[in-house]
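Data first, discussion second: the structure below is written as structure tokens.
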Amino acid sequence: MGDACFSTQLIDGDGVFNVSGLDNFMKEVKLGECGLSYAVVSIMGPQSSGKSTLLNHLFGTNFREMDAFKGRSQTTKGIWLAKAQNIEPCTLVMDLEGTDGRERGEDDTAFEKQSALFALAVSDIVLINMWCHDIGREQAANKPLLKTVFQVMMRLFSPRKTTLLFVIRDKSKTPLENLEPILREDIQKIWDAVPKPHAHKETPLSEFFNVEVVALSSYEEKEELFKEQVSHLRARFQHSIAPGGLAGDRRGVVPASGFSFSSQQFWKIIKENKDLDLPAHKVMVATVRCEEIGNEKVASFTADEEWQQFEEAIQHDYVPGFGKKLSSILDRCLSEYDMEAIYFDEGVRTSKRQQLESKLLQESFDKALTKEGFAAAAARNCMQTFLEQFDKGSEDAAIQQVKWDPSKVKDKLKRDMEAHVASVRNAKLSELCAKYEAQLTKALAEPVEALLDSASEDTWPAIRKLLQRETKAVVSGLESALSAFELDEASEKDLLAKLENHGRSVVESKAKEEAGRVLIRMKDRFSTLFSRDADSMPRVWTGKEDIKAITKTARSASMKLLATLAAIRLDEDVDNIENTLSLALVDTARPGTTDRSIQSFDPLASSSWERVPEDKTLISPVQCKSLWRQFKAETEYTVTQAIAAQEANKRNNNWLPPPWALAAMAILGFNEFMTLLKNPLYLGVIFVVFLVGKAFWVQLDIATEFQNGFLPALLSLSTKFVPTIMNILKRLADEGQRPAAPERQREMELQPTNRSSYSNVTSAGSSSVTTTENGPEYSSPVAK
């Protein structure tokens, strides 16, 4: 029994929809084959009221039941789904989580309302499980549940009529005939008290629900009677969707193949706290499912073995009976679509069928084309086949008494087909040319950008070589693909020439793009060459570098970049742009001329380059001059900083005065030197001063301080001078207070003693050392 009902958790306790589980469930029970012949039954009720037990006995399911010996607790979490056993038609059973459970708490009613609305949206029959002793009571356990059901029903736009089957559990001795009126009165009171939209203010309960009431004895006390009553109730679920059956209004039901998608959308809308529009939902489900069915049929058409053989045959030769064979395959696909989509909305179904028919016809024509997109032979084959079908149909429709000439109609048909074939051919040609143009663009764009960025003498020759190689390869591919179109020679040459021109336009557009960024490129190149050495390591300006030569080299490299991007050189014409720029911008010093302002001729005072066409000019000479002026202004700061760093480094590393100062000191200080030699006391004072100065030099770390600059060194030394003096004085004071070390004894005197000891006596004031059995002993001498 358990294996046959395929019990699955549809929605877990956190409200997560089990999509894969539902899809597997539908495959196992083969729900998609049922069409509209299926029913959905759900059950609501308080927690631990025996809902799962009732469903298991009523439908042969295997939902988890509460263990009475372990006490009352939550057994069903979320919403579970199973298939009823031995009930026709296919009946799906949903077991909902119990209401008013202590696990969720008194205030957590969101999931309770969401699950109730979901059950009302998808179910044909809703069982309301309630205790017999709650009937007629004002504070009964079922009243909050009924309020919830009626409140969420208001959120259904144009709701269908659902059957509410009240199952009275643990029936007492009171006859059902007496209990039912009381229950219906309670239901009506709850319905009247529920707030309603203005459109449903006066709507009676019977417009929304078919209310049915049954009573069952206690399962624990009267198990046999309970099972007998459940068996009678089970019979009412047989053929429940038939006219007069237990199920209510079936207008809003979706076909079984759309049950999974419909349920997912219902739960998604409910979780987003939106109202449900059932008619619109039905159309939406029909649209999605019919689209899916149509796509499946297109896929099956292309994978059909008969069609694949047919497709291969028409690639090589004329196929007799082409139209008849193709019509047969198309009719089979459309018939399968009609069979699967028959239960969905008629308007949607018809619209999607027309789309499917168009797709299949287009697919059949496209598959008659070659891999590159078109085959003139295949097109002629199709036209000839349909013209033959027209001739055959004309003969069958001809009336002997009427002299009807179908030639005009045939000519019009032929013109229409030729126009269609021409439009398809042009579209395929455009698509093919666009494909090869994109391929050529991809092959040229990035390599050309990299070559322009390197900017050397070989840049444009390398670009020309690249353009020639890539264009030749792509043109060869297009030429091969065009053979299937059977174009005339002139048309084919035009297309190939257009592709070649496209390659040149790609290079030119990339060159123009790089020319727009030339100033940034020049500064980047200058910075790289000026700030880094030949090994690409950052330069340290130690004073040995020739900044002037380095600056000239970096600027010359930037000038070459400017010369490279000044004009497009896809033809092998020679120009003198680089020489002109070098002469005017870098090598400015000329023999016999010291002031540039008096030069009689400026080679950049022009709007065009010599021997360069205007349409190939990217940067004019005047623009080059302006760019160079801006470039020098923006890089001057870098050079100035390097010179300043070099001078600072020289100053920090040169502590000796200049030679002339040393000579002056020697001459002017001769008398003082002789005075020192005549009075050696001065030398002692100078030596003491030297020692103190050396101490200050080491303690203040003067050499390190002056490496940071003269003024920062003075400021730092001024703050450290007084603490350093105090530190030196303190250390001298500590050295003076340290006790003197005792004199070292130079001799040890030995004195003869007993047989067990001896002693060495060095002097009257010395100590004696005695060796005994217990080791050496020290004692003071006795005065004589």
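The values are calculated or read from the model by the stated rules, or taken from the named source; none is laboratory data. Only a predicted model underlies this, so the values are computations on that prediction, with no experimental measurement involved. Reconstructed Cβ throughout: ideal geometry from the backbone, glycine too, with neighbour counts over all protein chains shown. Please note that ligands, DNA and RNA were not included when accessible areas were found on the heavy atoms of the full protein model with its side chains. Shrake-Rupley method; radii C 1.70, N 1.55, O 1.52, S 1.80 Å.
Does ASP453 satisfy the criteria of being part of a helix (DSSP H, G or I), farther than 27 Å from ARG380 by Cα and open to solvent by 40 Å² or more (accessible area, probe 1.4 Å)? Judged against the criteria, ASP453 is a match.
Scanning region 448-484 for residues that are under 16 Å from ALA434 (Cα atoms) and not acidic (Asp, Glu) returns THR471, ALA473, VAL474, VAL475, SER476, GLY477, LEU478, SER480, ALA481, LEU482. Residue pairs whose Cβ atoms lie under 6 Å apart, separated by 6 or more positions or on different chains, with the first residue in region 636-653 and more than 24 Å from MET522 (Cα to Cα) and of a type in the set (Lys, Arg) and the second assigned to a helix (DSSP H, G or I) and open to solvent by 90 Å² or more (accessible area, probe 1.4 Å), do not occur. Within region 303-324, the set of residues being at pLDDT 70 or above and surrounded by 15 or more Cβ atoms within 10 Å (Cβ to Cβ) comprises ASP304, TRP307. Return yes when LEU146 is open to solvent by less than 30 Å² (accessible area, probe 1.4 Å), assigned to a helix (DSSP H, G or I) and not acidic (Asp, Glu) and no when it is not. Here the answer is yes, as LEU146 does meet what is asked.
With respect to (1) in contact (Cβ under 8 Å) with a residue 40 or more places away in the chain; (2) buried (at least 18 other Cβ atoms within 10 Å of the Cβ), the lone exception for ASN56 is condition (1).
Among the residues making up region 468-526, those that are hydroxyl-bearing (Ser, Thr, Tyr) and either modelled with pLDDT under 90 or open to solvent by 20 Å² or more (accessible area, probe 1.4 Å) (or both) are SER476, SER480, SER483, SER491, SER505, SER509. Test THR471 against the criterion of being in contact with a Gly (Cβ under 6 Å, 6 or more places away or on another chain) and within 23 Å of GLU572 (Cβ to Cβ), and give yes or no. It is true that THR471 is in contact with a Gly (Cβ under 6 Å, 6 or more places away or on another chain) and within 23 Å of GLU572 (Cβ to Cβ).
For (1) in contact with a Leu (Cβ under 8 Å, 6 or more places away or on another chain); (2) closer than 30 Å to ARG525 by Cβ, each residue gets a yes or a no:
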| position | (1), (2) |
| --- | --- |
| ALA434 | no, no |
| GLN439 | no, no |
| GLU446 | no, yes |
| ASP458 | no, yes |
| LEU466 | yes, yes |
| ALA473 | no, no |
| GLY477 | no, no |
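Of the residues that sit in region 376-416 and are at pLDDT below 70 and assigned to a loop (DSSP other than H, G, I, E, B), which one is most open to solvent (accessible area, probe 1.4 Å)? Among those that are at pLDDT below 70 and assigned to a loop (DSSP other than H, G, I, E, B), it is LYS403.
Looking across GLN229, GLN264, one residue alone is in a helix (DSSP H, G or I) and either open to solvent by less than 30 Å² (accessible area, probe 1.4 Å) or within 22 Å of GLN9 (Cβ to Cβ) (or both). It is GLN264. Being assigned to a helix (DSSP H, G or I) and farther than 23 Å from GLU634 by Cβ is true for just one of LYS552, LYS510, LYS544, LYS523. Which residue is that? Exactly one of LYS552, LYS510, LYS544, LYS523 is assigned to a helix (DSSP H, G or I) and farther than 23 Å from GLU634 by Cβ, namely LYS510. Cβ-Cβ distances below 7 Å connect the following pairs, each with a first residue in region 712-723 that is among the hydroxyl-bearing types (Ser, Thr, Tyr), a second residue that is in a helix (DSSP H, G or I), and a separation of six or more residues or different chains: SER716/GLU705. Candidates in region 659-717 are the residues that are over 60 Å from the mean Cα position of the chain (by Cα) and β-branched (Val, Ile, Thr); of these, the one that is surrounded by the fewest Cβ atoms within 10 Å (Cβ to Cβ) is ILE667. Per the listing ILE182, ILE187, the residue uniquely without any contact (Cβ under 8 Å) to a residue 60 or more places away in the chain, closer than 21 Å to ALA119 by Cα and either of a type outside the set (Lys, Arg) or surrounded by 14 or more Cβ atoms within 10 Å (Cβ to Cβ) (or both) is ILE187.
Residue under question is GLU212, and the condition is that it be open to solvent by less than 70 Å² (accessible area, probe 1.4 Å), acidic (Asp, Glu) and under 20 Å from LEU117 (Cα atoms); does it hold? Judged against the criteria, GLU212 is a match. Sub-9 Å Cβ pairs linking a first residue in region 237-261 that is buried (at least 21 other Cβ atoms within 10 Å of the Cβ) and outside any loop (DSSP other than H, G, I, E, B) to a second residue that is modelled with pLDDT under 90 and among the hydroxyl-bearing types (Ser, Thr, Tyr), at least 6 apart or interchain, are ALA256/TYR343; SER257/TYR343; GLY258/TYR343, ordered by first then second residue.
Within region 73-115, the set of residues being part of a loop (DSSP other than H, G, I, E, B) and modelled with pLDDT of 90 or more comprises ALA84, GLN85, ASN86, ILE87, GLU88, PRO89. Residues in region 493-525 that are closer than 25 Å to VAL475 by Cα, over 33 Å from the mean Cα position of the chain (by Cα) and of a type in the set (A, V, I, L, M): LEU495, LEU496, ALA497, LEU499, VAL507, ALA511. Examine region 417-434 for a residue that is closer than 18 Å to ARG569 by Cα, in a helix (DSSP H, G or I) and under 33 Å from the mean Cα position of the chain (by Cα), and state whether such a residue exists. No, that holds for no residue. Applying the criterion of being free of Cβ contacts under 8 Å to residues at least 40 places away in the same chain and of a type in the set (A, V, I, L, M, F, W, C) to the residues of region 201-225, the residue that is nearest to HIS133 (Cα to Cα) is LEU225.
Scanning region 8-33 for residues that are under 20 Å from ILE293 (Cβ atoms) and open to solvent by 30 Å² or more (accessible area, probe 1.4 Å) yields VAL19, ASP23, LYS27, LYS30, GLY32, GLU33.
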